[in-house]
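Q: Once you've had a glance at the structure underneath, I'll fire off some questions.
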Amino acid sequence: MPLALRSVPYWLNPGGDPEDGQSSTPPQGSYPAQFEDLPYKVELWNDAKTKVEQVLAVTASGSIGYAAYHAATREFPDRYVTLRHKDNVVSRWNGPPH
């Protein structure tokens, strides 16, 4: 039985006082518009390879995008993973044949 995966955005913020009562994390499911402009995406596809199940990483840097893609191929060796730059697939991992 496959595990259900869901996208969770991670926010990296400068250090501060966690007891100041202010949270810099947006509500669950909320993405700033600036993420839409980031050209590199690492995508995890469903088993049928018909749709993206989860976007694992989004970045402006090609080297960071490739590093995230490489990590995803190691984390999900049996899954279809793509590295996309805008609308073009730059690299894909098909996983072992079934």
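Q: Search the structure for amide H atoms under 5 Å from the amide H of LEU56, placed 1.01 Å from N in the peptide plane, and list their residues when 5 or more places away or on another chain.
A: Excluding prolines and chain starts, which carry no amide H, the hits are VAL42, GLU43, LEU44.
Q: If we count every other residue with Cβ under 11 angstrom of THR82's Cβ, Lys/Arg +1 and Asp/Glu -1, where does the sum land?
A: +4
Q: Could you check how many percent of all C-alpha pairs in the range 35-93 are farther apart than 16 Å?
A: It works out to 33 percent of all Cα pairs.
Every number in this text was worked out from the coordinates using simple rules, so none of it is lab data. Keep in mind that what you see is a predicted model, and the values were worked out from it rather than measured. All Cβ positions, glycine included, derive from the backbone under ideal geometry; neighbour counts span all protein chains shown.
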